[in-house]
Amino acid sequence: MQTINIKLTINNKKYEMDVDIRKSLMDLLREMGFTSVKQGCGVGECGACTVLVDDVSVDSCLYLAVWANNKAIRTAEGECKDGRLSPVQEAYVEEGAVQCGFCTPGLIMATTSFLEKNKGKKLSREEVKKGHAGNLCRCTGYQTIINAAITAGKK
Ligand code: FES
Ligand code: FES
């Protein structure tokens, strides 16, 4: 096993560690206890493993942990500050956008990234839908998720 030493920030906390060059960021985060990062397909199709790397949403199953060197990672755990849900997390609760919840942490991060990227823009429902195209949900039928993203955008 070949390892490389990396330094990274996860949810505003700094870490330094040796990582296997073949390990995905998803596996690293889950092993570190960030279990909001879900493994669904493992091949970049479902979005369950979505995290933000320097504020850009990525499928962490396709992203090598070593690529995260000197970068800032955000996971759904870190969006909750001082026991308070983020506006996006709040909107998911308000709109009932969660059923089994497996897709939810990845979707929360996809919505967060989408709204940060489009801050101040007036978005159509269609644009919001397209902005979530990389994340699959088996339960909700998507309407409540899109409602949640629209509600969060107004907060
Ligand atoms: S687990 Fe990464 S996209 Fe499905
Ligand atoms: S709430 Fe079950 S997969 Fe989305």
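Points to keep in mind about this one:
- Helical contribution to [θ] at 222 nm, DSSP H n ≥ 4, -39,500 (n - 2.57), averaged over the chain, rounded to 500: -9000 deg cm²/dmol
- Student exercise, the stretch 1-122 dipole from Lys, Arg, Asp, Glu Cβ charges, in Debye to nearest 20: 300
- Rough spin-label spacing in nm, given labels placed 7 Å along Cα→Cβ, for residue 93 and residue 14: 3.3
- The residues neighbouring residue 62, those whose beta-carbon lies less than 12 Å from its own, together hold a net charge of -3 under the Lys/Arg +1, Asp/Glu -1 convention.
- Efficiency of FRET between residue 119 and residue 142 - r from beta-carbon atoms, R0 30 angstrom, step 0.05: 0.85
- Taking the Cα centre of the stretch 87-153 as origin and assigning +1 to Lys and Arg Cβ atoms and -1 to Asp and Glu Cβ atoms, the resulting dipole is close to 280 debye.
- Extreme residue, positive dipole direction of the chain, given options 6, 65, 48 (C-beta unit charges): 48
- Förster radius 22 Å - calculated FRET efficiency between residue 126 and residue 41 (Cβ-Cβ, nearest 0.05): 0.30
- Likely footprinting exposure, 93, 37, 58, fewest C-beta neighbours within 10 Å first: 93, 58, 37
- Span per principal axis, largest first, for the Cα atoms of the chain (Å): 47, 30, 26
- Close amide H contacts of residue 64 (hydrogens built in the peptide plane, cut-off under 5 Å, sequence separation of 5 or more or a different chain): 25.
- Sum of side-chain charges, residue 146 neighbourhood, beta-carbon under 12 Å (Lys, Arg +1; Asp, Glu -1): 0
Quick note: the coordinates plus some simple rules give every number you see, no bench work behind them. Keep in mind that what you see is a predicted model, and the values were worked out from it rather than measured. Cβ sites come from the backbone with ideal geometry, for glycine too, and all protein chains shown count toward neighbours.
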